[in-house]
Amino acid sequence: MKIENIQYSTVNLPVVIPAVLTTLATSLCEYYGLAQRSGRVDTCLAGIRLFRIDGYRKYSPQMYEQGIVIILQGRKIGHLNQHQFNYDPQRCLLVTTPYPIVCETFASHDQPLMGINIDFDIIVIGQLVAMIEAQQHSRFDYEGSCGVATAQMTERMYRSVEQLLEVLHDPLDAQVIGPSLIRQLFYYLLHSEQGYLLAQYCEQDSVLAKISAVIDYVQQHYATKLHVHELAAMAGMSVSVFHKVFKQVVTDPPLQYIKKIRLNNAKTLMLQQGMAANVAAGQVGYESPTQFSREFKRYFGLPPSKIHEQTGFIR
């Protein structure tokens, strides 16, 4: 276990997936205008988005934001360098820092993939962590693993998700009842085998929190010249320690991660804003269009001129 002296009960054993989740997900897609198309939309509760994919999607890098991904129908396989994540209605995905993850989606027109993204609320999670640690007289222990992981869904989690899907059909219900249901879900996740990731995300002095702060800075300044020694100083580490810890959490060295962030943002600019490749290259910090095209093709498997042929969508 990754939490010292905290015991788990049998409610965390695998349970049968409630069939009502698929029904509610289908109804939500109709309510939010996703019944006949693939895409992602905001719901009436801030921090929660609904997504639907109506066919198989081959391996393709996608930018994942911080938060929880709960699949209600279908399944995905994500690859983060040497790590592989299988997530479906039985296992949700926890992402503690923004990552470009290579994903394969299994879905069809008759059985589309449906799910929700839930943003982390650092204040709520921090309050829950403090309460759990005070009650258990023990602290969550971060073991220095990758900042992305899957967690087994439990009966209690399913109940919270079911109620959340119900209230998302009504704006007032969502505003009044939704926050307490999300709080419940965070609480149950903190008691899962990956709960330490949520806890350390909120722990200001933890390695994960320090790396997350650096990544937040990178996300805002990726188009400028970024130097590893400055990022290391920001984390309060030597360059050698920062490089080692960053790669442990993110699975990429700092400069490689920055390059992936730039390429993913360039892809977004081209797909969502129709921006020309050379313009997008400059927008994300590339001085050489030739270098941009070469690295873009190596990463996405297609030259920038053909990226619109890719059938995946930005998560």
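Per the conditions (1) buried (at least 20 other Cβ atoms within 10 Å of the Cβ); (2) under 27 Å from Glu287 (Cβ atoms); (3) touching a residue at least 60 places away in the same chain (Cβ under 8 Å), the sole criterion not satisfied by Val214 is (3).
Considering Ser240, Ser305, the condition of being in a helix (DSSP H, G or I) and free of Cβ contacts under 8 Å to residues at least 12 places away in the same chain is satisfied by Ser240 alone. The conditions of being under 20 Å from the mean Cα position of the chain (by Cα), at pLDDT below 95, of a type outside the set (Val, Ile, Thr) and part of a loop (DSSP other than H, G, I, E, B) are not met by Gly126.
Which residue is nearest to Val148 (Cα to Cα), if the candidates are limited to segment 243-279 and must be out of contact with any Cys (no Cβ under 8 Å at 6 or more places or on another chain) and in a loop (DSSP other than H, G, I, E, B)? That would be Asp252. Taking the condition closer than 17 Å to Leu94 by Cα and either modelled with pLDDT of 95 or more or open to solvent by less than 10 Å² (accessible area, probe 1.4 Å) (or both), does Ser180 pass? Answer is no for this residue.
Can you report the number of residues in segment 94-141 which are of a type in the set (S, T, N, Q) and in contact with a helix residue (DSSP H, G or I) (Cβ under 7 Å, 6 or more places away or on another chain)? Reasoning before the result, please.
To start, the set of residues in segment 94-141 that are of a type in the set (S, T, N, Q) comprises 96-97, 105, 108, 111, 117, 127, 135-136, 138.
Then keep just the ones that are in contact with a helix residue (DSSP H, G or I) (Cβ under 7 Å, 6 or more places away or on another chain); that gives 96-97.
Residues meeting the conditions: 2.
Any idea which residue in segment 86-119 is most open to solvent (accessible area, probe 1.4 Å), counting only those that are farther than 25 Å from Leu164 by Cα and either assigned to a strand (DSSP E or B) or not assigned by the TED database to the domain that holds Ile68 (or both)? Across segment 86-119, the extreme among qualifying residues is Val102.
Of the residues examined, Gln256 is not one that is within 30 Å of Met114 (Cβ to Cβ) and outside the structural domain of Pro98 (by the TED database).
Has segment 100-108 got at least one residue that is without any contact (Cβ under 8 Å) to a residue 12 or more places away in the chain and not small (Gly, Ala, Ser)? Give the steps one after another, and end with the answer.
Taking segment 100-108 and keeping what is without any contact (Cβ under 8 Å) to a residue 12 or more places away in the chain, we get none.
Checked segment 100-108: no residue is without any contact (Cβ under 8 Å) to a residue 12 or more places away in the chain and not small (Gly, Ala, Ser).
The values are calculated or read from the model by the stated rules, or taken from the named source; none is laboratory data. Keep in mind that this is a model prediction, so the values were computed, not measured. No Cβ is skipped: glycine too gets one built from the backbone with ideal geometry, and neighbour counts run over all protein chains shown. Calculation scope for accessible area: heavy atoms of the full protein, side chains included, ligands and nucleic acids excluded. Shrake-Rupley method; radii C 1.70, N 1.55, O 1.52, S 1.80 Å.
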